[in-house]
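Here the structure comes first, spelled out in structure tokens, and everything after it is commentary.
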């Protein structure tokens, strides 16, 4: 993979994570995991003003997580990639234990990696 292509891919992932990085947007995504919802339905769940909700929906749309369609006077939203969102939310909700790594084990790991790199180049 070229360096530019790799950077483009990382930028895309960063945009996706940035779009998700808000409790309201996470709640919206969780709700949309159940299926398409119209704005009124989403607003009842997140209990925020219409203009604020519109901004959150625009952020999710910009991050390529959701899209919308019109159904008469209603605007409804749905997930573009439901399995991705469901899996990400599932992983993010798992209990996380913070483990403290001893400094010496980190130093050994770095040294092992350096040795591997030297062996690859020779």
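What follows is calculated from the coordinates using simple rules that are stated; it is not laboratory data. A quick note: this is a predicted structure, and the numbers were derived from the prediction, not measured. Because the Cβ atoms are built from the backbone with ideal geometry, glycine has one as well, and the counts that use them run over all protein chains shown.
Give the stretch 55-76 a look and list any residue that's within 19 Å of residue 17 (Cα to Cα) and in contact with a helix residue (DSSP H, G or I) (Cβ under 9 Å, 6 or more places away or on another chain), or say none.
Let us first name the residues in the stretch 55-76 that are within 19 Å of residue 17 (Cα to Cα), namely 55-67.
Answer for the stretch 55-76, where residues must be within 19 Å of residue 17 (Cα to Cα) and in contact with a helix residue (DSSP H, G or I) (Cβ under 9 Å, 6 or more places away or on another chain): 56, 57, 59, 60, 61, 62, 63, 64, 65, 66, 67.
Listed here are the residues, each with its yes/no results for (1) within 21 Å of the chain's Cα centre (by Cα); (2) farther than 28 Å from residue 9 by Cβ; (3) touching a residue at least 60 places away in the same chain (Cβ under 8 Å); (4) surrounded by 15 or more Cβ atoms within 10 Å (Cβ to Cβ).
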| residue | (1), (2), (3), (4) |
| --- | --- |
| 33 | yes, no, no, no |
| 46 | yes, yes, no, yes |
| 91 | yes, no, no, no |
| 114 | no, no, no, no |
